[in-house]
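Notes follow the structure.
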Amino acid sequence: MNTELSQRLAAVQAQIAAAAAAAGRSAADVQLIAVSKTHPPAVVAAAVAAGVTDLGENRVQEAHQKISALQTLRPRPRWHLIGHLQRNKAKLAVELFDLIHSVDSLRLAETLDRHARERDRRLPILLQINVSGEASKEGFWAPGGLKNSDAYSALLRDIEGILALPALEVRGLMTIAPIVAHPDEARPFFAALRELRDDLARRYPQATWRELSMGMSDDLAAAIAEGATMVRIGRAIFGERQAG
Ligand SMILES: *Cc1c(COP(=O)(O)O)cnc(C)c1O
């Protein structure tokens, strides 16, 4: 048992509970995803022993090694892909992950759909949206969210293509907020993602659109205030990332 990790995890869970209460929401509606990238399998096993049910990784290759090393781990955790996915890794990603948060193009969605059909599975996905307009960010381009009608029209066409893919199950949206001096400054970006989600849910009721994957170690309370249903927390649970 790793005491420091357990204490950090408890502190994060308390932060989630407090942020949910402050927003008049139930903490049970916010899923904690512990982001284990750069940390070895033994640390992941300790996190699961401490009560973590959901793990996030941003690289397919690294996740593959970890998931293989932890095949006998019980209870079996759910694995989330939160980093950019190249189409040549899509087949492996379909084998490894329970939910892919980082679908950022129609072409990638089509490739995932093909591999999911070959495996005879339905694959839950989230659509990653770049609501900040930073050039360095992945995601469908929708700076300003609903207010940017040209970008939004292009996004809607791609989304209609994705919703027509039989093996994919769209569950909602994901974003990464810009790095800001004070976490409250991230709130407009989280709000923009929620507004997009609400509009998409009205337009396309055939998908559930329940999930809003947003909020990391430094801005989780702001994200929960704006409706996050999944927060992706790395450093606050595992400490600083390992080099390499
Ligand atoms: C690394 C990462 C996180 C976790 O970030 P922390 O600041 O360590 O909590 C969340 N989301 C994505 C997409 C990441 O790559």
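LYS66 contributes an accessible area of around 10 Å² to the protein surface, as traced by a 1.4 Å probe with all chains present.
Note on the chain: with a GNM built from Cα contacts shorter than 10 Å, the maximum mean-square fluctuation among ASP219, ASP54, ASP29 falls on ASP29.
Per residue, how much accessible surface does the range 122-244 expose to a 1.4 Å probe? Answer in Å², no decimals.
Details: 5360 Å² over 123 residues.
In whole numbers, the range 122-244 has 44 Å² accessible per residue.
In the chain, the portion of solvent-accessible area held by carbon and sulfur atoms comes to 49 percent [1.4 Å probe, whole percent, DNA, RNA and ligands not counted].
Here the dipole of the chain is about 620 debye; that uses its Cα centre as origin and unit charges on the Cβ of Lys and Arg (positive) and Asp and Glu (negative). Going by the alpha-carbon gyration tensor, a ≥ b ≥ c the square roots of its eigenvalues, is the chain rounded (a/c under 1.5) or, if a/c is not under 1.5, prolate (a/b greater than b/c) versus oblate? Oblate, because a/c is 1.5 or more while a/b does not exceed b/c. At a probe radius of 1.4 angstrom, the accessible area of the range 24-81 per residue rounds to 45 square angstrom.
Can you count the Lys pairs in the chain whose Cα atoms are under 18 Å apart, with each pair 8 or more apart or on different chains? Please list the in-between numbers first.
Working: LYS37/LYS66; LYS37/LYS89; LYS66/LYS89; LYS66/LYS91.
Pairs that pass both the separation and distance tests number 4.
Before rounding to the nearest 500, sum -39500 (n - 2.57) across all DSSP H runs of length at least 4 in the chain and divide by the residue total; then give [θ] at 222 nm in deg cm²/dmol.
Theoretical 222 nm ellipticity from helices: -12500 deg cm²/dmol.
The distance separating the Cα centre of the range 42-75 from that of the range 172-200 comes to 28 Å. If you build a Gaussian network model of the chain, linking Cα atoms that sit under 10 Å apart, which residue out of ARG232, ARG157, ARG210 swings the most? So, out of ARG232, ARG157, ARG210, the one fluctuating most is ARG157.
The values are calculated or read from the model by the stated rules, or taken from the named source; none is laboratory data. The structure displayed is predicted, hence computed values, not measured ones. Because the Cβ atoms are built from the backbone with ideal geometry, glycine has one as well, and the counts that use them run over all protein chains shown. Heads up: the accessible areas ignore ligands, DNA and RNA and are worked out on the full protein's heavy atoms, side chains in. Shrake-Rupley method; radii C 1.70, N 1.55, O 1.52, S 1.80 Å.
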